[in-house]
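Below you'll find the structure, written out as structure tokens, and then a few comments.
A short reminder: the numbers here are calculations on the coordinates, not readings from a lab. Please read these numbers as outputs of a predicted model, since none were measured by experiment. As a convention, Cβ positions derive from the backbone with ideal geometry for all residues, glycine included, and neighbour counts pool all protein chains shown.
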Amino acid sequence: MLTDLKAVLDIVLVTMPGGQTLTIGQMVSVLVLLIAGYVGGRFIGFMLGRRLEKTKLRPDVIHILKRVVFFTIIVLVVITALGLLGIPLTAFAFATGALAIGVGFGAQNILNNFISGWILMAERPIRIDDYIEIDTWQGTVERVGNRSTRIRRTDGVHLLVPNSQLLERTVVNWTLVDQSIRTTVRVGVEYGSPVRLVSDLIMRAITEQQQVKTTPAPSVVFEDFGDNSLVFDAYFWCDVTGERLLREIRSDIRFRLCDLFAKNDVIVAFPQRDVHLDTKDALEIRVLPADGQATETTRT
């Protein structure tokens, strides 16, 4: 049986011009090598990631190292496979040039996104776990792939953004350097309110929040004499990783402001209008019930 199997594997499929032959055994060996190389590359990358996760390296750095190791193994496996087939690399010089021209015209977007992915990993303007904003969407970067970047929006939906768009368009990265974000809370109180007391109450509500940073120090600005209110703006810094936490902090401050204003008889203003009627004749005021019949008439 082994003799028959060897005979099958020795069957010549192709005879090259230089006398080099290609047998079934060589094809099987190359196929097994490619599969083993792919599986081995994935396994080695997985084990490397498990080891590096125990270090202080960021997830995006671990991802880059895993991809570099995987593609290095694939290149070595391909070179070894060509050696088993007896095909020198110089034989692909002309074919590679022709293929590059064809691929360049037929797969410009794919190559553009592939190269952009490696640029993103090299320059690292966008990293895994960064909170970014592109167009009207906000979310956390989960993966930088070969063709696209996967972003998880704040509502849980995943976005697949082509890598080239992340380089060509304006992207707001909330956590590129650090997680410090400045935000503001605006409140309007009625005219006649003690402005110094209002400023102190706003500052108290801000400083009582543990998420608010003391450096840079928060500040309260008497912004304007508005149409219906005296407008105050409070500026402060927080360490946040997204819009949701920032909104929760502002909400907590507003809740606290309501309590402090109620205890100190400070009224939050609301839109109101005074209407003055300029007329020389007396006005007739009628009170109409549900049936529409006048029951009382008053002249003023």
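Residue order for VAL39, VAL78, VAL177, fewest other beta carbons within 10 angstrom first, comes to VAL177, VAL39, VAL78.
Under a 5 Å amide H cut-off, with hydrogens placed 1.01 Å from N, GLY226 pairs with VAL231 among residues at least 5 apart or on other chains. Just so you know, the averaged projected area of the alpha carbon convex hull for the range 180-263 sits at 5.4 nm².
Taking amide H as placed 1.01 Å from N in the peptide plane, the amide H of THR149 sits under 5 Å from that of VAL161, ASN163, each at least 5 places away or on another chain. The order of VAL30, VAL172, going from fewest to most other C-beta atoms within 10 Å of their C-beta, is VAL172, VAL30. The Rg/Rh ratio for the range 219-285, using Cα coordinates for both the radius of gyration and the Kirkwood hydrodynamic radius, is 1.24.
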